[in-house]
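Below: one structure, written as structure tokens.
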Amino acid sequence: MLLNIIKFQKEGPGNLYYSNLLSYYQKGFIKERNSGFKIERFYEKVVIEKKGEEIYEKYEPVREPVKVGDKIRVKLRITGEDFYEFIIIEDPLPSGFEVIEDEKNYYFYNEKQVRDEKVVFFWTEWYGEKVKEITYYIRPEIVGSFHVLPAKVYLMYFPDVYGNSDENYIKVVEK
């Protein structure tokens, strides 16, 4: 068994301050975890249908490979039981996907940040509501099979209160 030892040695007067961060990799499939919050992530292909004069969007769960250029709806379902403040939701993007900006919808969060590798949502208070949902849209731009890390929800100042979703795999084929 390999052990790592950290040894601190101080000489002279004054205080010694230190911090430690442990980071590790897990073998196998990352499973959903609930420690104050539960988060689930769903990928749904957007299908445009026309009935008479009406055009509307229909959402089908992604169970097969998607095509380059398809519009995919990401739905995050967050469940929490208690009153919390300063919540962060991070949803990693699959490689080769881009976020489609859709600002016409109003959501309960205070801020949304679209970054290269993830979408982050912030909100200040969770009033013990049972379930909240956030949706946004992505589009695949590169062919391949992609691993997607779990979505996370946690408290900004008390990260021990958190939850993460299952990891996902998504395959993209030519149009």
Next on the checklist: Can you tell me which lysines have their Cα less than 24 Å from the Cα of Lys130? Leave out same-chain residues fewer than eight positions away.
Outcome noted: Lys31, Lys38, Lys75, Lys112, Lys152
Checklist entry - Once Lys and Arg get +1 and Asp and Glu get -1 on their Cβ, which of Phe8, Ser95, Ile48 lies farthest toward the positive end of the dipole of the stretch 4-97? => result Phe8
Next on the checklist: Can you give me the long-range amide H partners of Leu93? Hydrogens built in the peptide plane at 1.01 Å from N, cutoff under 5 Å, separation of 5 or more residues or another chain.
Outcome noted: Lys118, Val119
Checklist entry - What translational D, rounded to a whole number of µm²/s, comes out for the chain from Stokes-Einstein when the hydrodynamic radius is the Kirkwood one over Cα pairs, at 4 °C and 1.567 mPa s? => result 69
Item to check | Net dipole in debye of the stretch 33-173 [+1 Lys, Arg Cβ; -1 Asp, Glu Cβ; about Cα centre; nearest 20] | outcome: 440
Checklist entry - So how do Arg139, Arg73, Arg63, Arg115 line up by other beta-carbon neighbours within 10 Å, fewest first? => result Arg63, Arg115, Arg139, Arg73
Checklist entry - What residues qualify as long-range amide H neighbours of Ala151, i.e. H under 5 Å apart, gap of 5 or more or another chain, H built at 1.01 Å from N? => result Ser165
Checklist entry - In percent, what relative contact order does the stretch 33-173 have, based on Cα pairs under 8 Å that are 6 or more apart in sequence? => result 34
Item to check | Given charges at Cβ of Lys, Arg, Asp, Glu: the stretch 1-79 dipole, positive-most of Leu76, Ser35, Ser19 | outcome: Ser19
Checklist entry - Based on the Cβ-Cβ distance from Ser95 to Leu16, what FRET efficiency comes out when R0 is 41 Å, to the nearest 0.05? => result 0.45
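Taken together, the values in this text are just the output of simple stated rules run on the coordinates, not laboratory data. Remember, it's a predicted structure, so these values are computed and weren't measured experimentally. Neighbour counts are summed over all protein chains in view; Cβ atoms, including those assigned to glycine, are modelled from backbone coordinates with ideal geometry.
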